[in-house]
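Engineer: Following this message is one structure expressed as structure tokens.
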Amino acid sequence: MTFQKLENLLPKAIRKANIEKQVTAAIVCNDFTMVVEAVIGKNVAAKARPLHIKNGILTVAVLSSVLAQEIKLHEPLILEKLNEGRKDKIERIRFIL
């Protein structure tokens with residue numbers, strides 16, 4: 001019996017389970033937090049939670065309208081970094097309080 005690397009097995013298992021979109025969305029949500037930390041700072045990233053992606057729109061929960069405005073100001077750069085190397089692009093960010 002030979003062992004296979006997990007990195008070789010996961011893509012097949014994800015496709016077989018038909019959960020590619022869900023896995024991609026989870027990765028984008030995780031990446032959003034890291035990108036916001038890098039672009040704006042940890043304080044802002046700690047107060048914003050990416051929730052889901054639907055039709056190319058990333059929905060993010062924020063604690064205040066001021067925080068949403070701060071992220072909106074940096075939206076072009078955040079989207080550029082989030083979309084690097086992805087075939088399904090995030091078109092915009094939507095905020096909920």
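Engineer: Starting from the stretch 9-38, take each residue that is aromatic (Phe, Trp, Tyr) and list its partners that are in a helix (DSSP H, G or I), counting only C-beta distances under 7 angstrom and pairs at least six apart or across chains.
Structural biologist: 32/82
Engineer: How many of the residues in the stretch 14-64 are at pLDDT below 90 and of a type in the set (Ser, Thr, Tyr)?
Structural biologist: So the answer is 1.
Engineer: In the set 79, 51, which member is closer than 14 Å to residue 25 by Cβ and within 12 Å of the chain's Cα centre (by Cα)? Full working, then the answer.
Structural biologist: Details: 79 fails: closer than 14 Å to residue 25 by Cβ.
Step by step, each of 79, 51 is checked, and only 51 is closer than 14 Å to residue 25 by Cβ and within 12 Å of the chain's Cα centre (by Cα).
Engineer: From 58, 51, which residue is touching a Phe, Trp or Tyr at 6+ places or on another chain (Cβ under 8 Å), within 18 Å of residue 88 (Cβ to Cβ) and part of a strand (DSSP E or B)? Reasoning before the result, please.
Structural biologist: On the way: 51 fails: touching a Phe, Trp or Tyr at 6+ places or on another chain (Cβ under 8 Å).
58 is the lone residue from the list that is touching a Phe, Trp or Tyr at 6+ places or on another chain (Cβ under 8 Å), within 18 Å of residue 88 (Cβ to Cβ) and part of a strand (DSSP E or B).
Engineer: Of all residues in the stretch 1-35, which are β-branched (Val, Ile, Thr), part of a helix (DSSP H, G or I) and more than 10 Å from the chain's Cα centre (by Cα)?
Structural biologist: Hits for the stretch 1-35 are 14, 23.
The values are calculated or read from the model by the stated rules, or taken from the named source; none is laboratory data. Just so we're clear, the structure is a prediction, and the values are computed from it rather than from any experiment. No Cβ is skipped: glycine too gets one built from the backbone with ideal geometry, and neighbour counts run over all protein chains shown.
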